[in-house]
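Enquirer: The structure is given below, and queries will be raised subsequently.
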Amino acid sequence: MTQAIIFDFDGVVLDSEKIKDNGFRDLFTGFPAEAVDCLIAYHKDNGGLSRFVKIRYMFETILRQPVSDEIIMRYAAEFSDMMLRELTNPIYLIPETLDFIRKYYKKLPMHVASGTEQNELRTLVKELGLAEYFTYVYGSPADKTANVNTIISDGGYDRDRVILIGDSKNDMAAARDNGIIFCGYNNEKLMKVSDYYITDYGDFADKYII
């Protein structure tokens, strides 16, 4: 029997991809267009990776410029302000995930481990009316592997009875690093590499909960 489920947030609970794409473009307005395009490509290919890493990548790898932690934090704070203005709208919640959470959150503990900055993440969870459903909500700058480990340790769970639901290779890596079950969702590239790929939450519940 499953003891707990850990959800990634972006792309699993919240359909935020286009908003975040536009956010990075706005954040780097005035920079060379080809550099911003490279950042967006990196961002899309690394869902679940924190914005702190992506902003550093923009400066150090794409632009080949040194960047201080202070500048990274300033850009990250500006990005967070953009996201909070947009993503507190409940129209971006993914209905089938929300329906599943509402149906089963009293049956087993549910948590969030996300690449989204932690204060922003917790504000979104609260403003979107989701706080009652999740026991632990952890975000960046701690990486996802560390946050998943913290949830498992704090909850006292058996690793072989914990599931991470995610939509990226970074989510899968965090699950593998922690020795827990990985269920891919909303990304067909994960279909053949996940322990289980969710196409229907009812089937998922039949296998892992009921």
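Enquirer: With a sphere of radius 12 Å drawn around the Cβ of Tyr136, what net charge do the other residues whose Cβ falls strictly inside it have (Lys, Arg +1; Asp, Glu -1)?
Expert: Once positives and negatives cancel, what remains is 0.
Enquirer: Restricting attention to the stretch 43-100, which trypsin sites (Lys or Arg not before Pro) occupy a DSSP loop and are surrounded by at most 12 other Cβ atoms within 10 Å?
Expert: Answer by residue number: Arg64.
Enquirer: Largest first and in whole Å, what are the equivalent-ellipsoid semi-axes of the chain based on the Cα gyration tensor, each being the root of 5 times an eigenvalue?
Expert: Semi-axes from the Cα gyration tensor: 30, 17, 16 Å.
Enquirer: What's the center-to-center distance, using Cα atoms, between the stretch 102-166 and the stretch 30-85 in Å?
Expert: 24 Å
Enquirer: Something else: Given 37 °C and 0.692 mPa s, compute D for the stretch 1-62 with the Stokes-Einstein relation, Rh being the Kirkwood radius over Cα pairs; round to the nearest whole µm²/s.
Expert: Rounded, D is 256 µm²/s.
Since every read-out is calculated from the coordinates, none of them should be taken as a lab result. Everything numeric here is computed off the predicted structure, so don't read it as measured data. Reconstructed Cβ throughout: ideal geometry from the backbone, glycine too, with neighbour counts over all protein chains shown.
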